[in-house]
1. Could you go through the stretch B:49-63 and let me know if any residue there is under 22 Å from the mean Cα position of the chain (by Cα), outside any strand (DSSP E or B), at positive phi and hydrophobic (A, V, I, L, M, F, W, C).
2. Looking at (1) in contact with a helix residue (DSSP H, G or I) (Cβ under 8 Å, 6 or more places away or on another chain); (2) modelled with pLDDT of 95 or more, which is the one condition that is false for B:Leu65?
3. Step by step: first the residues of the stretch B:105-140, then only those that are assigned to a loop (DSSP other than H, G, I, E, B), under 20 Å from B:Leu185 (Cα atoms) and modelled with pLDDT of 90 or more, then the one that is nearest to the chain's Cα centre (by Cα). Which residue is that?
4. Within the stretch A:173-200, take every residue that is in contact (Cβ under 8 Å) with a residue 60 or more places away in the chain and surrounded by fewer than 20 Cβ atoms within 10 Å (Cβ to Cβ) and give me the one that is farthest from A:Met75 (Cα to Cα).
5. Inspect the stretch A:7-14 for any residue being in a loop (DSSP other than H, G, I, E, B) and within 20 Å of the chain's Cα centre (by Cα) and give the result as yes or no.
6. Collect the residues in the stretch B:207-232 that are within 11 Å of chain A (Cβ to nearest Cβ) and surrounded by fewer than 22 Cβ atoms within 10 Å (Cβ to Cβ), keeping them in residue-number order.
7. Spot the failing condition for B:Ala235; the list is (1) modelled with pLDDT of 90 or more; (2) outside the structural domain of B:Gly40 (by TED's automatic domain parsing); (3) under 21 Å from A:Glu273 (Cβ atoms), and only one is missed.
8. Read through the list (1) modelled with pLDDT of 90 or more; (2) within 10 Å of another protein chain (Cβ to nearest Cβ), then give the number of the only condition that B:Glu143 fails.
Amino acid sequence: MSIIRTDKLVFEYTRKDEENNVTETVRAIDGVDLDIEKGDFIAILGRNGSGKSTLAKHINALLYPTGGTIWVGGMDTKDDAKLWDIRQTAGMIFQNPDNQMVASVIEEDVGFGPENMGVPTEEIWKRVAHSLEAVGMTAYAKKSPNHLSGGQKQRIGIAGVLAMRPQCIVMDEPTAMLDPIGRREVIKTVHELNKTEHITVILITHYMEEAVDADHVFVMEHGQVKLQGTPREVFSRVDELKALNMSVPQVTELAYELKKSGVDIPDGILKIEELTEALCHLN
Amino acid sequence: MSLELKNVNFTYNPGTPMQQDVLKDINVTIEKGEFLAIMGHTGSGKSTLIQHMNALVSPTSGQVLFDGQDIFAQGFDKRMLRSKVGMVFQYPEHQLFEETVFEDICFGPRNLKLSEEEVKARAEEAMKLTGVPDDFRERSPFELSGGQKRRVAIAGVLAMKPEYLILDEPTAGLDPGGRDEILDLLKELHEKSGISIILVSHSMEDIANYAQRILVLNAGRIVLSGTPREVFRHADELAGYGLSVPQAALIMHALKEKGFDVDTDANTVAEAKASILAALAKRGVTAGKAGEADA
């Protein structure tokens, strides 16, 4: 069953001069067709300004298409009556965890979403406990968010979204401001949620390593989907990715370089073990 | 010519219950013309350390010397220091504020009380050095893309003609192409203009590709220091500090374990490739073909 589907999605905005004359029309999204299955882990790549974030904002109706249609959990986002249902279906996590903290005690921060939805108090506490457990932050429930590391703050942000029981989480570069440990923590947490709670994950990232374990990868350019497929399919196209300002994990690049030099190994190597395995088999 | 930190300690709220040691016994000399990388996980003291280098923070004890002179001594010209030791903060594009790109780049030198002619000449030069296109001059800095804004912000610091350029995670939030552009720019500045680069980074791959020397900070102390080859040899120790080594180094170690005669100090894709091809040739695998393509 598809959770997010778009049909020829277009988003245009205009620039105006001081006299309110339109000087420029920009097509940030240009005819995107997506069909994302429930429970999938999706990675969206693409250079700065390629339309990734604009696309993400359509998924929970922060922006509306100027052309085409997007359905979230079967609901057309243009249907205003469904706005809250849509935002409850697809939760959103942004880059800077500090901008998402609203309360001075962690459990209250996590409970903020369901409280706004009018969930009964008892049920809120149940959800808060469950969400904190899911992101491995139960021990911090009564603490202040001030002393958390970036990775921990981002996990609290994710718990806050989880407490609203979404079917899908959209993450817009959630690890951009984190150090390597924080990055690992967040990505591990998201993969666990995807596996154990069957939440659909849409991860926008500039870190290629984070896309390696996705079910499906989309690469955007000029508002269009330029490449898509499994990580293996996408990352085997090293030159095309580089032309799109993307890179590949070092192991993939190394394998690609070795192959170019005549070493007989398969395309699209994503893991260290795959490379060592392939090289051992040369004997 | 050097920037030297001698027995530097820095403590927040000394003598109170909130006392917190941030830097402990820091001794480091940065020679002019070096490309130094500083790494350490969040809270290890990296930012506090670099803020000592241009007198934004003064040590609780110890000295910071610029060309042998104590920068906190009475009468030391801190304005001069801050033009010689330029600082590019994280997300520097948030500090752009002028109406045009050119005016924004002029802001630094203008504050140095230089003649208007000199200010403009320096801004022109900085635009050239950083590759800010000429037709950006009259545009609003807010209309530019992330990578372009960052270039403009770096140009604004370069217009002060620093001898040392400190950058706190200059590639955060950029796409891989933008990341390479900024790092290549730093490399070029370093090679062509002889500017010392002090780069704070979380990317082991970038550090391995560009830095000559690495300082590793943990809990306020310098725990490792040396060339990338020397530092990345300590994979287990680095993991203990919440850091890692470039993926290329991990690959080399994995191959060594499988019996390949490879250089485990290789940290970049190019080094790893050369070493693997050599090891394969020794084993008699595709030696001819690999050798040809490599030559």
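The values are calculated or read from the model by the stated rules, or taken from the named source; none is laboratory data. Please read all numbers here as calculations on a predicted model, not as lab measurements. Cβ coordinates were reconstructed from backbone atoms using ideal geometry, including for glycine residues, and neighbour counts include every protein chain displayed.
1. Yes: the stretch B:49-63 contains one or more residues that are under 22 Å from the mean Cα position of the chain (by Cα), outside any strand (DSSP E or B), at positive phi and hydrophobic (A, V, I, L, M, F, W, C).
2. If we test B:Leu65 against (1) in contact with a helix residue (DSSP H, G or I) (Cβ under 8 Å, 6 or more places away or on another chain); (2) modelled with pLDDT of 95 or more, just (1) comes out false.
3. B:Val132
4. Looking at the filtered set, the residue picked out is A:Ala176.
5. No, that holds for no residue.
6. B:Asn209 - this is the single residue of the stretch B:207-232 that is within 11 Å of chain A (Cβ to nearest Cβ) and surrounded by fewer than 22 Cβ atoms within 10 Å (Cβ to Cβ).
7. Every condition holds for B:Ala235 apart from (2).
8. Looking at each condition in turn, B:Glu143 falls short on (1).
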